[in-house]
Structure formats: structure tokens, C-alpha cells
Amino acid sequence: MSKYKGDEPDLNRITIRPVVLKNQHLLSFLYEYKTNHITKNLTIEQSIAFFQAELGNHFFNAHLLSDEWEMQLSVTKKGKVLMKKYPNKNKTTQDKTNASHDRAKNRFVEQDRPYLRELGVTDARSNVIPAMSRKWKQINKFIEVLSRAIDNTGLANHQKVHIADFGSGKAYLTFAVHDYFVDKLQVKTEVTGVELRQNLVDLCNKTAHKLSLEGIKFEQGDVQHFKAQGINIMIALHACDIATDYAIHMGIRTGAEIIMCSPCCHKQIRPQMKSPTMLAPLLQHGIHMGQEAEMVTDGLRALLLEANGYDTQVFEFISLEHTSKNKMILAQKRKQPRDNTAILAQIQSIKEFYGIKEQCLESLLMSS
Ligand SMILES: C[S@@+](CC[C@H](N)C(=O)[O-])C[C@H]1O[C@@H](n2cnc3c(N)ncnc32)[C@H](O)[C@@H]1O
């Protein structure tokens, strides 16, 4: 709905889309102001009453878009109502096929969410900008994986959820997780993005302010010195080297129900590793040595999480064609602790086999 002539000088238009929240079909109204956006969800009956009250009184244009048709309604100064209906010419057959395919595939994140537009993932018509299609896939996969973990841990039933994202960068995933909890699950959420680079912190805080989002903030800090408490979900995606260990440690120490990390650059273990002579012909290739160091580093992290009360999976986050940093360690806190004697023994055997003297996460756990 556009051509607004009401009391709110900064209101440009309202964009409305159908949503299903807690099994109820609603319409989500996005009020687009000059500098910020506000969302209100109304029942179908409330929406009809709203349209009847507003169209022709405050809004003088309405544009209805379906897969097949577009309808343009305008109300003239003299109160005459004009309506045009025409096939949706902005979508080619190819587009339509892709759009419905995408919708089916990407059911965890909706393309018209305002943060996606603000972060430059989608354009003004909520189409994914081609250069951002990998990021779009990553955001979807991330929310898909997270949503399963949320179901398993029952976090959607909490009154309030605290989330920390270490090494939040440009915060695509930080905004996505906030939006998922607040808009989809309707759970009160406090999300903190922690990032080394002040310029990114400022940019992300500005974006949150522009979108009028509550419960999301960004702080400049180093994960190695950051003090946090009461975190339910600890996220560290592509935090460099041992920053991942510090983030996992913080998740364990604060009793996070979900720890989700995608490690990046494995520098600590590789120089310490001594492999059996028999493997030398294989490991003479730097790439193989790197892959082995990565496997050992992340394997030890997973075992340490298991030893500290978590069920842990290590898997491909998104397929190799999308990004090279595609491994995920997902840990979900067990309801009942387990006897960890055997796991601790496995960790020691692996360290001895490879001649590893120090692994950052293990040292942090021992000193806390
Ligand atoms: C590759 S980016 C990933 C951003 C985001 N998590 C994502 O996956 O899209 C890694 C970010 O972590 C930040 N970073 C690296 N080490 C850090 C540390 N010790 N503490 C806080 N942030 C860190 C970097 O500045 C960078 O912005």
C-alpha cells in the first residue's frame, strides 16, 4: 500500500505478506518509514478491517502481486476507484520456476525479510542479488541446521534466549538468527555480536538501529578476553584459528544448550604433529598434511565437547562449491551427563600418537 497521506510524515508504504506463526495464518505488515521499518502481524479479519479503513482514506494506491497476476488499485482525488489487472510480466516462466523452487528449498528464511535488503543480499523487490547467492544459501543452511538443534534442545519454549556470535563480521548470520527467533519463533531474544574490527561493529549497530530492531547489539572485543554469562547459543562461524577454541570454551563454561562453530585456519596443531614414517609418502604433500591437521584439530574439539556433556556432530555445512570453509561442529547439551573416562582416554591416545603437546581448548578447560 502506498501514496500515503496520513498523520505519519515519514511513512512511505506498507508491504504485506502472508506468514504462518504458531500454526496461525496471519498477514505481516512491514511499515516502511524513511529511516526505519516496523513489523506488525495481524489476523486475516484484522487485516480486512485495516484495508477497509485505510484504502481511500490514508493510502491511495495498492498493488497486489501473485505468481500469475498483478493488480493495481488507485483512488483519485475525487474518490473514484480505478483498478487494472494484468499478467505478472516481471516474472518470466524461468523466473517463476526458480522462485517456487527457491521458496520450497529455502523455507527457513523468507526472501523479503528487511535485514536481507539492508545487508544487500536482496534488492528492493526481494530478489536475491546474483553476486550474493552463495551468502543466501549459507544463511538458509545455517538457519536450517540451527532450527533442528533448537527443536532438539527445546529452546523455542524458553521465555528468553541469549545468543552470542563470536567473530560476527558483517553479521549476515547474526541478523538471521535474531530474525528467526523474533519473527518466526516469536521468542524474546538478546543477540550479541562480538567482533574485533570496530568499523564492522559500528556498521552493524547502525543497521540494527535503522531496522529498529530490539535485542541485537554488536560489541568490539576479542573473543579471547570476552566475558559472557548465561549464553544459550554460542555461534562462532569462521573465527580464525584458536579463536574457535576460546568461543567453544565460553559456550561450555556458560552452559550453552547449543554450540555451533565452523572452524577456520588450523594453525596450532600442524607444527606439533608427528606422523608415523609409514605415512610420510602421503603426507609429503602439504595439502594432505593440512587436511590431516584440520581433521585432528576438529576431531579433538568434538571429543572435548563430548567429554564435557555434549552430543557432537561434525559435518559438511554447505557443499564445497559454495565455500571452502564448509565444516561445522554442532554440539547440543545432553540432558543427562555421561561418564567421560573413556573419551578422555581416547583424547590422550590421539595426542600421544601425533605427539601433540598442547591443544588450546583442552588447556582452557583444564585451567577453568
Ligand atoms: C571470516 S569472518 C566471518 C564472519 C561471520 N561469522 C560469517 O561467517 O559470515 C571472521 C570474523 O572474525 C573476526 N575475528 C577474528 N578473530 C577474532 C577474535 N579473536 N575475536 C573477535 N573477532 C574475531 C574477524 O575480524 C572477522 O570479521
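Scan region 37-51 for residues that are in contact with a helix residue (DSSP H, G or I) (Cβ under 8 Å, 6 or more places away or on another chain) and without any contact (Cβ under 8 Å) to a residue 60 or more places away in the chain and the total you get is 1.
Yes/no matrix, rows are residues, columns are (1) more than 23 Å from ARG117 (Cα to Cα); (2) hydrophobic (A, V, I, L, M, F, W, C); (3) outside the structural domain of LYS184 (by TED's automatic domain parsing); (4) modelled with pLDDT under 75:
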| residue | (1), (2), (3), (4) |
| --- | --- |
| ASP7 | yes, no, yes, no |
| LEU21 | no, yes, yes, no |
| LEU27 | no, yes, yes, no |
| TYR33 | no, no, yes, no |
| ILE44 | yes, yes, yes, no |
| GLU54 | yes, no, yes, no |
| SER66 | no, no, yes, no |
| SER74 | yes, no, yes, no |
| LYS84 | yes, no, yes, no |
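Only one of the numbered conditions (1) buried (at least 20 other Cβ atoms within 10 Å of the Cβ); (2) within 20 Å of PHE218 (Cβ to Cβ) is violated by ILE150, and that is (2).
Looking at region 209-237, which of its residues are out of contact with any helix residue (DSSP H, G or I) (no Cβ under 8 Å at 6 or more places or on another chain) and either of a type in the set (Lys, Arg) or crowded, with 20+ Cβ neighbours inside 10 Å (or both)? The one that is out of contact with any helix residue (DSSP H, G or I) (no Cβ under 8 Å at 6 or more places or on another chain) and either of a type in the set (Lys, Arg) or crowded, with 20+ Cβ neighbours inside 10 Å (or both): LYS227.
Looking only at residues of region 244-266 that are among the small types (Gly, Ala, Ser) and within 14 Å of the ligand (Cβ to nearest atom), we find that the one that is modelled with the lowest pLDDT is SER262.
One residue is enough: does region 264-286 have a residue meeting the conditions closer than 30 Å to GLU190 by Cα and either basic (Lys, Arg) or touching a helix residue (DSSP H, G or I) at 6+ places or on another chain (Cβ under 8 Å) (or both)? Yes - at least one qualifying residue is present in region 264-286.
Cβ separations smaller than 8 Å between residues 6+ apart or across chains give the following pairs from region 230-254 residues that are among the acidic types (Asp, Glu) to residues that are modelled with pLDDT of 90 or more: ASP245/ARG301; ASP245/GLN359; ASP245/CYS360; ASP245/LEU361; ASP245/LEU364.
Yes/no matrix, rows are residues, columns are (1) more than 20 Å from CYS360 (Cβ to Cβ); (2) in contact with a Pro (Cβ under 8 Å, 6 or more places away or on another chain); (3) modelled with pLDDT under 95; (4) near the ligand (Cβ under 8 Å from one of its atoms):
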site	(1), (2), (3), (4)
ASN152	yes, no, yes, no
ASN157	yes, no, yes, no
ALA171	yes, no, no, yes
ASP179	yes, no, no, no
THR192	yes, no, no, no
GLN229	yes, no, yes, no
ILE233	yes, no, no, no
ILE242	no, no, yes, no
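Being within 16 Å of the ligand (Cβ to nearest atom), crowded, with 19+ Cβ neighbours inside 10 Å and outside the structural domain of LEU26 (by TED's automatic domain parsing) is the requirement here; does PHE142 meet it? Considered against the rule, which asks whether it is within 16 Å of the ligand (Cβ to nearest atom), crowded, with 19+ Cβ neighbours inside 10 Å and outside the structural domain of LEU26 (by TED's automatic domain parsing), PHE142 comes out as yes.
Being of a type in the set (Gly, Ala, Ser), in contact with a Lys or Arg (Cβ under 9 Å, 6 or more places away or on another chain) and either surrounded by fewer than 16 Cβ atoms within 10 Å (Cβ to Cβ) or more than 26 Å from VAL223 (Cβ to Cβ) (or both), is that true of even one residue in region 271-292? Yes - at least one qualifying residue is present in region 271-292. Could you tell me whether region 52-66 includes any residue that is touching a residue at least 40 places away in the same chain (Cβ under 8 Å) and small (Gly, Ala, Ser)? Within region 52-66, one or more residues are touching a residue at least 40 places away in the same chain (Cβ under 8 Å) and small (Gly, Ala, Ser).
VAL314 meets the conditions (1) buried (at least 16 other Cβ atoms within 10 Å of the Cβ); (2) in a helix (DSSP H, G or I) in every case but one. The failed one is (2). Within region 123-179, if we keep just the residues that are in contact with a Cys (Cβ under 8 Å, 6 or more places away or on another chain) and not in a helix (DSSP H, G or I), the residue that is nearest to CYS240 (Cα to Cα) turns out to be GLY167. With respect to the stated conditions, GLN268 is surrounded by 17 or more Cβ atoms within 10 Å (Cβ to Cβ), assigned to a loop (DSSP other than H, G, I, E, B), among the polar types (S, T, N, Q) and in contact (Cβ under 8 Å) with a residue 24 or more places away in the chain. Scan region 185-222 for residues that are part of a helix (DSSP H, G or I) and within 16 Å of the chain's Cα centre (by Cα) and the total you get is 3.
Out of (1) in contact (Cβ under 8 Å) with a residue 12 or more places away in the chain; (2) away from the ligand (no atom under 16 Å from the Cβ); (3) within 18 Å of the chain's Cα centre (by Cα), what's the single condition that is false for ARG134? Result: ARG134 fails condition (2) only. Sub-9 Å Cβ pairs linking a first residue in region 156-183 that is touching a residue at least 24 places away in the same chain (Cβ under 8 Å) and not assigned by TED's automatic domain parsing to the domain that holds VAL194 to a second residue that is part of a loop (DSSP other than H, G, I, E, B) and more than 15 Å from the ligand (Cβ to nearest atom), at least 6 apart or interchain, number zero.
The values are calculated or read from the model by the stated rules, or taken from the named source; none is laboratory data. Fair warning: this is a prediction, and the values are worked out from it, not measured in the lab. Glycine gets a Cβ as well: all are built from the backbone with ideal geometry, and neighbour counts include every protein chain shown.
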